[in-house]
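The values are calculated or read from the model by the stated rules, or taken from the named source; none is laboratory data. Quick caveat, the model's predicted, so the values are computed rather than measured. As a convention, Cβ positions derive from the backbone with ideal geometry for all residues, glycine included, and neighbour counts pool all protein chains shown.
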Amino acid sequence: MSKNFMVLVLTLVLAGYYVFVAVYLNNMGYYNQESLFYIEKGKIVFDGIGQRLKVIGLTAPLFPFYATFVFSIVSEQLSAVLASAVGTAVLFNIMANAIIKRLDDEFYVFFLLGIFLIHPGILYAACSGKSVYLILIFFFLFYLNFFKFYLSNTTFHVSIASICLVVLVFCDYKFIWLTLFFLPLVLSISIDSLNLSEKESVFRLFISFNNPSLRRKLINKTFAMYIIIFILPLVSVLIYKMLNLTHAADLNYFIDSPYATWSVMAEKIDYNVLLDTTMHHKLPEAPIVISTRMILYCPMILVAIYLYRQRTYQILTLLTPFAFVEFLRIKYDKVYLAQQYYLIFLILALLCVVIRAVTIKEQKAFKIMLVILGVVQIYSGYMFLDRSYVKEEQTFIRVLMKKEAPDSQNENIDMANYINALPGNPRLLIDDGVAYPVAAFIKNVQGLIMPYEERFLSAVESPGRYASYILVASTKNPANGYTQLTPKYLQILRTGNNKIYLEKRFETNDWILYKIDQH
Amino acid sequence: MSLDIRDVLVQDKFITTADKDRILGIASNLGQSFIKVALNFGFISRKNYERSLINAGYPLQQIREEEFDRELLDKIELKFAYEHLALPLRIENGKVVTLMADPTDELFIDFIRFTFDMEPQIIVASDLDITWLSHKLLGDKYVKSAVYELLNRDPANSAIITFTANQLLFIFISIGLIIIGLFINFKIVSIVLNVLMSSFFLIAIVFKLFLALVGSRFELFQAVTREEVRKVKNEDLPVYTIHLPVYKEDKLIKKLIWNLQSLDYPREKLDIKLIIEEDDDKTLNAVRDLDFPAVFEVIVVPFHMPKTKPKACNYGLHFSRGKYLTIYDAEDIPDTDQLKKVVALFAKLPSNYICVQSALNYFNRGENFLTRMFTLEYSYWFDYMLPGLDTMDIPIPLGGTSNHFKMANLLELGAWDPFNVTEDADLGLRAYSKGYKVAIVNSTTYEEANNDFFNWIRQRSRWIKGYMQTYLVHMRNPVKLWKKVGWKGFLGFNFFIGATPLTFLAYPLLLSVFLFYVAFDLRFIRELFPDWVLFISIFNLMVGNILMIYVNMMAVFKRRYYELILFAIANPIYWLMHSAAAYKGLWQLIVNPFYWEKTNHGLSKVNNPTNVVK
């Protein structure tokens, strides 16, 4: 059996395993905000009425949505988890192929397989339906091509790295900040490429800055490298902002609007540091300490750094994600770092092992060390998820390991079931900015009047003329402050000259469904 | 009895005895006269030769106005006259008045005696004048062959007919349908056209990015390594023909010789032809006035329409003797090891590879805005696009120069189409459709980038017109083309040859719609862009532009021309210039399809050092 065929078979088996676990978790009732958001938007695109192209173009992050969208053909409800299961298997395939190209030892493939089979973080990426798998794929490809560039010095690899960074940014916008930490790296590469007898980087920098010709060369090359690497991601973001401006009258619609992205609401409610610290007094992830947490989560990254000792670029490259997460912690100080920012260290460490394992003479000792570190990481992966500050991460591991059926979406499902059971396909006014977890479970999307439709505003003004039901967020709903459809709005309707009568039909902790009767 | 001119040259110390023996050896191998070899293989300059002739009592005569007898001329073959630099003109006073560059050439004198049974009356003249007159008087059948050979052998591939009846029908019916559609429902038809154009642009650009990435992947791949070049033995090298078609390039002749002398190839195995037009006295006189030895033979193309470079090259083929052939422009500076690399590559490649294209780039890239933009464009085209096409097995539109052919296969293809003003692109496709392949070699020829706006427009309008011509010729029967070149070849041809002029023609229209929309927010434009169309259009505008800018940046990054990288941003302006040239080309295609817009060379003030490859 050829190695390529073996990897293909393992990938297929792994994909089947992930799909099985994902469907099992789904049946147990595990859902998360992100996957529900994609499911709901997918339903709009396939079954909705009105400006669906805008939903396709302005739903963010783009690529995870499109990936989920593709699997909607198989099953709308399972599309997100199918995408993540298959996507993570693809990640395995890419990494395993990188191994068999470089290493003539099947141990590494099986070591990788072991990590992919039981590492809780990877299982979370594969079976949660979140976009973590896409982030990991393009993070891996970005760094892989960067390392290839160091070896080959070809424009091809640096361009591919740049394209991967573009996709990465459109999988998770926060990765745009990664560009900041490549600035010193690029300067270091340029200094090193100058034809100087001096070996020490600091003195090379000194010499090149004090010689007009060398200075010009250094500046030209550094600038050119910045442009080649970063112009695509930066301009892509700029273009996307332009599209947002022309179609939503807001440059930052894709990151600020709850109609465009799931993270706006999630970060205000589920990922919010302030909520936890004020309510539960948990010690949040502190800056500086966060790097230590990453090393504890993935001690193999230390091996990666060791493998590249005495290689300035590569060490600097390995340090960029540390600087990146530290920056995220400061920049987004109200939000916990989600699992993907931990997993990138695991992927990076594995990448370094893939590239550099061949240089190790004591293979046996190295393999034993890898196995030990692998086991430690699986344990730390479990612990980090189990003690995660993000509720849906914690829920995931509890459903998986302790078979504790989560109740986070029960109310939404109950509400959706009630709406599904309403006779005669009635029209329902619903704000999917906050109520997308309900909309995701509603079968007939055409019966919903949502903000992406032009008639939504008119329906909010005079609901009686457009809808026969209205879903409002109860005062207990944590998203209550982020939607117009609240009890306060109903109060205004009642006091206004709308001549409508509202009858409460179904109520959960978070939602109240009213029937509208117009007199 | 007068001295043999060979001895005079030795006596005058213009050549050594060893040189004389070497010249005799080469002359005997080639079947040429002693003086032809001496003057054309870098042994003696024409000025020195004239001095020796005068010393020996043979002053040069002006012969262009000499009378001639057609019947007598019919008895001599042009090639014989050309190789011996001698020409019998008429019979006068019982003698054959004969022009000779070497009045002591016994072989030719004997030829006159045996052929006409008379003694020759020798008029000593400059070899260049004799060459000029012999081609003018005897070159008729060769020039006719140069013009009509392809037309006679393969009329379907000749651009002598620009638009066929079916093509005209198709064009007018399409225009008619669009106009009728616009009258019936202006808005819908405009939107459809708009979306079609935008989508076409985007697909073309994404495809180009893809090809550039494929091409860039192999940027470290060396078709021929230095080691392989070193292993090439001089004695095994075949004769290599170099065509230098020039027109009024008098300023460049000296540079040309320096560049040619730098080529790492045995001198006697080079068959270099400087091909000039009959009315080009400027270049002829520049060659005459050289005060150092020339390394090329001059061929004069007799007057015949169309006056194009492919016709001149076709004419030159009749006098070429190489196994391989390449074309350089007068200002070209090829890598010194280019010919050896090509020989080594041909030896490695399967026999169906009949052409090897070298990369082209510019030595005066930093001169002004135009030369910088030109460098960006060429770096992208030759370093990424062509290798990309090559890898994807899509027909390669050959570059104007530095394409190296196997002579036998070139002749089999019918050589260049004299009616096509981008004969190179046309030939690339013809070769591909006959099952032949083109390879790319890792060697560069540095040219002079056009640094003058109007000169640039002239040159570019010819290129774009040529692309239109080539497209029309090969799309006379699209199904047949599809069958010949396969779907990849067909799509590649449509995207590169067909789409190029079309995109340049459409670009200013789309841009003006956009600018009017931005500046005036005109209602009727707004109606043509409903939200979803606006979405697609803005995406196309932004993504299309940035991708094209990016691939240009990639190419100069590869060449390490870091200082040019930001100029890629100016591409939208550069494309507007292309559009101006495209409209000029379109106009000429209709009113004057075979007119060859001459590009002036030698305008650059940048010094062009020879590109020695060690």
(request) Identify the residue in the range B:528-554 that is in contact with a Lys or Arg (Cβ under 8 Å, 6 or more places away or on another chain) and touching a residue at least 40 places away in the same chain (Cβ under 8 Å) and, among all such residues, is farthest from the other protein chains (Cβ to nearest Cβ). (result) B:Leu528
(request) Have a look at B:Met468, B:Met553 and point out the one that is outside the structural domain of B:Thr445 (by TED's automatic domain parsing), crowded, with 17+ Cβ neighbours inside 10 Å, under 23 Å from B:Tyr583 (Cα atoms) and modelled with pLDDT of 85 or more. (result) B:Met468
(message) Going through A:Phe223, A:Phe206, A:Phe230, A:Phe182 one at a time, which residue ends up being at pLDDT below 80 and either more than 30 Å from the chain's Cα centre (by Cα) or part of a helix (DSSP H, G or I) (or both)?
(response) A:Phe206
(request) Within the range B:470-491, track down each residue that is in contact with a helix residue (DSSP H, G or I) (Cβ under 8 Å, 6 or more places away or on another chain) and not aliphatic (A, V, I, L, M). (result) B:Thr470, B:Tyr471, B:His474, B:Arg476, B:Asn477, B:Pro478, B:Trp482, B:Lys484, B:Gly489, B:Phe490
(request) May I ask you to verify whether A:Ser193 is within 11 Å of chain B (Cβ to nearest Cβ), crowded, with 18+ Cβ neighbours inside 10 Å and among the small types (Gly, Ala, Ser)? (result) no
(request) Determine the pairs where a residue that is more than 15 Å from B:Lys348 (Cα to Cα), located within the range B:220-240, has a partner that is loosely packed, with under 10 Cβ neighbours inside 10 Å and of a type in the set (Ser, Thr, Tyr) with Cβ atoms under 9 Å apart, the partner being 6 or more residues away or on another chain. (result) none
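Being at pLDDT below 85 and touching an Asp or Glu at 6+ places or on another chain (Cβ under 6 Å) narrows it down to one of B:Ile26, B:Ile5, B:Ile15, B:Ile35, so name that one.
Values: B:Ile26 fails: at pLDDT below 85; B:Ile15 fails: touching an Asp or Glu at 6+ places or on another chain (Cβ under 6 Å); B:Ile35 fails: at pLDDT below 85.
Only one candidate passes the filter, namely B:Ile5.
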(request) Tell me, please, whether a residue that is buried (at least 17 other Cβ atoms within 10 Å of the Cβ), of a type in the set (Asp, Glu) and outside any helix (DSSP H, G or I) can be found in the range B:67-79. (result) no
(message) Going by what's in this entry, would B:Thr444 be described as touching a strand residue (DSSP E or B) at 6+ places or on another chain (Cβ under 7 Å), crowded, with 20+ Cβ neighbours inside 10 Å and more than 14 Å from every other protein chain (Cβ to nearest Cβ)?
(response) yes
(message) Out of everything in the range A:296-350 that is in contact with a Pro (Cβ under 8 Å, 6 or more places away or on another chain) and at pLDDT below 90, what residue ends up being surrounded by the fewest Cβ atoms within 10 Å (Cβ to Cβ)?
(response) A:Ile330
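Please pick out the residue among A:Lys268, A:Lys221 that is farther than 23 Å from B:Trp532 by Cβ, within 10 Å of another protein chain (Cβ to nearest Cβ) and of a type in the set (D, E, K, R).
Numbers: A:Lys268 fails: within 10 Å of another protein chain (Cβ to nearest Cβ).
Within the list A:Lys268, A:Lys221, the selection yields A:Lys221.
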(message) Please go through (1) buried (at least 18 other Cβ atoms within 10 Å of the Cβ); (2) of a type in the set (A, V, I, L, M, F, W, C); (3) touching a residue at least 24 places away in the same chain (Cβ under 8 Å); (4) within 29 Å of B:Tyr384 (Cα to Cα) for A:Leu183 and return the number of the only condition it doesn't satisfy.
(response) (1)
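Okay, residues lined up against (1) assigned by TED's automatic domain parsing to the domain that holds A:Pro478; (2) in a helix (DSSP H, G or I); (3) at pLDDT 90 or above:
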site: A:Tyr389; (1), (2), (3): no, no, no
site: A:Ile397; (1), (2), (3): no, yes, yes
site: A:Tyr418; (1), (2), (3): yes, yes, yes
site: A:Val438; (1), (2), (3): yes, yes, yes
(request) Would you check if B:Phe201 is among the aromatic types (Phe, Trp, Tyr) and either buried (at least 17 other Cβ atoms within 10 Å of the Cβ) or within 14 Å of chain A (Cβ to nearest Cβ) (or both)? (result) yes
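Hey, any hits in the range B:580-591 for a residue that's assigned to a helix (DSSP H, G or I) and within 14 Å of another protein chain (Cβ to nearest Cβ)?
Keep residues of the range B:580-591 that are assigned to a helix (DSSP H, G or I), which gives B:580-591.
Now restrict to residues that are within 14 Å of another protein chain (Cβ to nearest Cβ): none.
No: the range B:580-591 contains no residue that is assigned to a helix (DSSP H, G or I) and within 14 Å of another protein chain (Cβ to nearest Cβ).
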(request) Would you please list the contacts, defined by Cβ atoms under 7 Å and residues six or more apart or on different chains, that run from a residue in the range B:117-141 that is closer than 19 Å to B:Glu77 by Cβ to a residue that is among the aromatic types (Phe, Trp, Tyr) and at pLDDT 85 or above? (result) B:Thr131/B:Tyr82; B:Ser134/B:Tyr82
(message) Go through the range A:422-448 and report how many residues are surrounded by 18 or more Cβ atoms within 10 Å (Cβ to Cβ) and touching a Phe, Trp or Tyr at 6+ places or on another chain (Cβ under 6 Å).
(response) 4
(request) Answer yes if at least one residue in the range A:263-278 is at pLDDT 90 or above, among the β-branched types (Val, Ile, Thr), in contact with a helix residue (DSSP H, G or I) (Cβ under 9 Å, 6 or more places away or on another chain) and not assigned by TED's automatic domain parsing to the domain that holds A:Pro478, and no otherwise. (result) no
(message) Exactly one condition in (1) more than 22 Å from B:Val147 (Cα to Cα); (2) assigned to a helix (DSSP H, G or I) is false for B:Pro293; which is it?
(response) (2)
(message) So the check is Cβ under 9 Å with 6+ separation or different chains; which pairs have a first residue in the range B:161-182 that's of a type in the set (Phe, Trp, Tyr) and a second one that's loosely packed, with under 13 Cβ neighbours inside 10 Å?
(response) B:Phe163/B:Ile171; B:Phe163/B:Ile590
